[in-house]
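Here is the structure we will look at.
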Amino acid sequence: MSGRCLCVSTAVLLSLIGSFPASAIAQRRGTPIWPEVHSNRTVTFRLEAPEAKRVLLDGGGLSQPGVMTKNSEGVWSLTTKPLDPGIYDYRFNVDGLKIADPVNPFVKVWRRRSWSMVQVPGSFLDERNVPHGTVHVHRYPSQSLNVTRGLYVYTPPGYETAAQTRYPVLYLLHGSGDTEDAWTTVGRAHMILDNALATRRAAPMIVVMPYGHTPGVERSQGRKAFEADLIGDVIPFVEKNYRVRAGACDRAIAGLSMGGGQALRIGLGHPELFPWIVAFSSAVPSDEELETLLAKPDAMNESLSLLWVGCGRKDFLFEANQRLLTGLRAKKIEHTARITAGKHEWRLWRRYLNEVLPLLFQAND
């Protein structure tokens, strides 16, 4: 393959990029498990801070920060009520200083802050005894942006040995606070895919996760700059280096928040490239943009295989997504609306991805 690439199985990659659940790492190292997930699905959080005067747990499934108690050894702790299976964000407030858990490598790093995570088993996010795909970590030269950028690519189980098989491609975009590793580190997309493929709920596919920001480019130009990079650099790189089906019917685009807006703009603007379009809690284009994007509804219905829009009712972008759906209905553009409970959160987006995967590329088979 051209370009710099680190290729590892998903199980190995988890420890490299910090998305392996802390309990599994602790068991391998033989160290105490912090946080500790109990068999009844309660979780005990601990922090060693003997000089601290007050420590709060922010998150962990609690509606309000919980006051932790300190033992004689200077270790603060708190045990939650039983939690539903899933992944929970949390951090500590130590005398007013908000920090991630210093002994938990399962961390969600945003551009301006970080949160630790803990997984309560029992959901579609679990690492199971099934065949695992591979996540490839690339650095590729973006000619359109004149810079080297990061790119993650998931290949399904058996890709390396199925030398004659070609696969459809899902381009999966992150949100404004994230980078190209977000859908693996935080979203657990590789585990969701492994489990969906093992039960034959989804068609085998390659998933490409690019970097969605364009540093150094004026904000007004950023959207077009990313589109140019995706279409002019990322897609050619993938189609050169991976065994993909290069036809339009074998290409999908999906994203969350900022990435959802990118998926809508690029997908609706180029239905000849992306007949499968998925938006999670999307940053919806303006009314003027939508009027242009949706100007040819009959042609769009002819081109699109799927237009899927999902959003939680408590999401701050809910009204914007409702406006989008109203526009689609007014234009009689075929689409699927998935309105659920939930806020602007990864807990919802992981579930949406799990729901959408079985819908993609099925007609092609």
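Please treat every number below as a calculation from the coordinates, not as lab data. Source: prediction; values computed, not measured. Reconstructed Cβ throughout: ideal geometry from the backbone, glycine too, with neighbour counts over all protein chains shown.
Tabulated data
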quantity: GNM result for the chain, Cα springs below 10 Å: residue of 91, 188, 323 fluctuating most strongly; calculated: 323
quantity: Shape of the range 211-365, Cα gyration tensor, a/c cut at 1.5; calculated: rounded
quantity: Antiparallel %, DSSP beta bridges [both residues in the chain], to 5; calculated: 65 percent
quantity: Folded to 0 to 90 degrees: helix 189-198 orientation relative to the chain principal axis, Cα; calculated: 70 degrees
quantity: Helix axis angle, 219-229 relative to the chain longest principal axis, alpha carbon, degrees; calculated: 70 degrees
quantity: Whole-Å distance, taken between Cα centres, linking the range 40-116 and the range 278-316; calculated: 39 Å
quantity: Anisotropy class of the range 99-233 from Cα gyration tensor, a/c 1.5 cut; calculated: oblate
quantity: From the C-alpha gyration tensor of the chain, square roots of 5λ in Å; calculated: 36, 24, 20
quantity: Sequence-distant aspartates and glutamates (8 or more away, or on other chains) whose Cα lies within less than 15 Å of residue 98; calculated: 48, 58, 89
quantity: Highest-MSF residue in the chain out of 339, 253, 192 [GNM, Cα springs under 10 Å]; calculated: 339
quantity: Ratio of Rg to Rh over the range 231-315 (Cα coordinates, Kirkwood Rh, two decimals); calculated: 1.00
quantity: Exposure proxy order (Cβ contacts within 10 Å, fewest to most) of 136, 38, 213; calculated: 38, 213, 136
quantity: Candidate lysines for bridging to residue 224, where Cα separation is under 25 Å - those fewer than 8 sequence places away on the same chain excluded; calculated: 240, 296
